[in-house]
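Here the structure comes first, spelled out in structure tokens, and everything after it is commentary.
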Amino acid sequence: MQFMNQAIISAHRAGNHDDVPIGAVIVCDGKIIARGENQVQLRKNPTLHAEIVAINRACKKLGQKFLNNCDIYVTLEPCAMCATAISLARIRNIYFAAFDSKGGGIYSNARVFDTDRHLWKPNVHQVPEYAVESADLLRKFFAVRRKK
């Protein structure tokens, strides 16, 4: 799955500037139209998660607010904020690598799509073949951070 590989490359970019290594790519018609990596530390903004960065870039590139013909590939289960943003952008499918037992907003905690109150519910797919790689990237990042 080439798109998840590209999301992992974006996650490495985030880690290189001391952000939590999470990456996302948005795909439309089989092509990557936007990439995002966490920029919370880089830009001193708590809302700049990988998914938000990618959504902003995709909307700008396409010149529209809805991305209903697009899919997003993310290295970690989106948090509640990002899951809601994905819904508001009307993204068709979410593909994520690793579950986030602490902050996940789809299966692990907030479970934002479990209610009927969302106007748009994307299809959600976990991609298990990338779960270990994504989780290891996060584990290594936090191990180094704890040593500091």
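No value in this document is a laboratory result; all are computed from the given coordinates. What you are looking at is a predicted structure, and each value in this text was computed from that prediction instead of being measured. Positions of Cβ are generated from backbone atoms using ideal geometry, with glycine treated the same way; all protein chains shown enter the neighbour counts.
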Quiz item: How high is the FRET efficiency between Val132 and Lys60 when r is their beta carbon distance and R₀ equals 25 Å, given to the nearest 0.05?
Solution: 0.15
Self-check item: Pairs from Lys61/Lys102; Lys61/Lys121; Lys31/Lys148; Lys44/Lys102 whose Cα-Cα separation, in the structure shown, is over 31 Å
Solution: Lys61/Lys102; Lys31/Lys148
Quiz prompt | Additional length obtainable on full extension of the chain from Lys121 to Thr84, 0.36 nm per residue less Cα span | solution = 12.4 nm
Quiz item: Helix-derived [θ] at 222 nm for the chain: sum -39500 (n - 2.57) over DSSP H runs of at least 4, divide by residue count, nearest 500?
Solution: -12000 deg cm²/dmol
Quiz prompt | By average C-beta atoms within 10 angstrom, highest first, the peptides 18-25, 84-91 | solution = 18-25, 84-91
Self-check item: Radius of gyration and maximum dimension Dmax of segment 1-55, Cα, Å
Solution: 10.7, 33
Practice problem: Tabulate in residue order the Karplus-calculated ³J(HN,Hα) for segment 115-125, using 6.51 cos²θ - 1.76 cosθ + 1.60 with θ = phi - 60°, rounded to whole Hz; enter x for Gly and Pro. | Solution: 9, 8, 8, 7, 6, 9, 10, x, 6, 10, 9
Quiz item: Taking a ≥ b ≥ c as the square roots of the eigenvalues of the Cα gyration tensor of segment 38-105, is the shape rounded (a/c under 1.5), prolate (a/b larger than b/c) or oblate?
Solution: oblate
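Starting from the Cα gyration tensor of segment 9-122, take the square roots of the eigenvalues, sort them a ≥ b ≥ c, and report rounded, prolate or oblate (rounded when a/c is under 1.5, otherwise prolate if a/b is larger than b/c, else oblate). Can you show the working numbers first?
Values: a/c = 1.65, a/b = 1.10, b/c = 1.50.
Oblate shape, in that a/c is at least 1.5 and b/c is the bigger or equal ratio.
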Quiz item: Quick one: length gained pulling Val144 to Leu42 fully straight, 0.36 nm per residue minus the C-alpha distance?
Solution: 34.9 nm
Exercise. Take the alpha carbon atoms of segment 65-119, find their center, do the same for segment 4-52, and report the distance between the two centers in whole angstrom.
Key: 15 Å
